[in-house]
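The values are calculated or read from the model by the stated rules, or taken from the named source; none is laboratory data. Since we're looking at a predicted model, the values are computed, not measured. Note that we place each Cβ from the backbone using ideal geometry, even for glycine, and neighbour counts take in every protein chain shown.
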Amino acid sequence: MPREVQDHWFKEAKRQGYRSRAAFKLTEIDDKRKILRKGRRILDLGCAPGSWMQVAAQRVGPGGLVVGIDLQPVTGNIQGSEVHIVQGDVANMDDAMLQQLGLDPQVPFDVILSDMAPATTGSKDTDHYGSMNLCEQVLDMAGSRLCVDGDLVIKTFEGPGSKDLVDRMKDMFETVRPAKPKASRSVSREMFLVGLKLKPGVVTESRPSAPKGGPPPLPGGWGR
Ligand SMILES: C[S@@+](CC[C@H](N)C(=O)[O-])C[C@H]1O[C@@H](n2cnc3c(N)ncnc32)[C@H](O)[C@@H]1O
């Protein structure tokens, strides 16, 4: 992407108070697909520094909920809806973590967002398979945490495994669409997949049951 275009998104993010230019990728996808509807419950995987959470919280509004998870800390407040942020690995997300936030783990989310990316190595294949691994985790989670008719936005680095990923999503969702937002660098192999309306009966893994007698202490690494 030419430097002046990068500067455009950077300056625009600053002007509109977003934490990063990534905000415009989600706004473009949502302007078209209307996923972040008022009152919905959103799970944002790989949420730091928090610009997707800003967009999601503004759009779902005061009656909605946004829960974000990232290995990195997210600082400051996110305005617009009820918001919870956890520092940790998505692979460790379980019922106890949601209970610790005061949420009922049996109530599914309406939308899962994943802008997760592996630490890039410069090797296209390594980065692609790192991304595939994260995407598989997200689809497993969609099977257990997303409601029927729920929606998913997921980032992937294109490569040999992309077709299998799309096929798996087509088994799970009524509609699957690719998205390459303008704010995404044209040279990047980053691309987004949107799954609309989780089909009934799609459960890829059983939800870990809540421990009896109240939530245990958070495992090491889980933050606020
Ligand atoms: C491109 S950034 C997300 C940007 C975010 N959507 C925003 O708008 O601010 C990707 C994030 O994925 C996170 N990530 C990667 N693997 C993760 C994992 N296993 N668990 C939690 N977060 C992860 C990284 O720490 C990084 O902050």
What are the residues in the stretch 26-53 that are of a type outside the set (Asp, Glu) and within 8 Å of the ligand (Cβ to nearest atom), if any?
-> LEU26, LEU45, GLY46, CYS47, ALA48, PRO49, GLY50, SER51, TRP52, MET53
Looking only at the stretch 80-97, count how many residues are hydrophobic (A, V, I, L, M, F, W, C) and within 10 Å of the ligand (Cβ to nearest atom).
-> 4
Of the residues in the stretch 59-79, those that are surrounded by 18 or more Cβ atoms within 10 Å (Cβ to Cβ) and either within 14 Å of the ligand (Cβ to nearest atom) or farther than 24 Å from SER144 by Cβ (or both) number 8
Please specify each residue of the stretch 107-122 satisfying the condition of being away from the ligand (no atom under 15 Å from the Cβ) and at pLDDT below 95.
-> GLY122
Of VAL67, VAL74, VAL55, VAL86, which residue is in contact with a Ser or Thr (Cβ under 6 Å, 6 or more places away or on another chain), under 21 Å from MET141 (Cβ atoms) and modelled with pLDDT of 95 or more?
-> VAL55
Between a first residue in the stretch 152-171 that is buried (at least 20 other Cβ atoms within 10 Å of the Cβ) and a second residue that is among the basic types (Lys, Arg), which pairs have beta carbons less than 6 Å apart while being 6 or more apart in sequence or on different chains?
-> PHE157/ARG189
Condition check for ASP94: of a type outside the set (A, V, I, L, M, F, W, C) and buried (at least 19 other Cβ atoms within 10 Å of the Cβ) | no
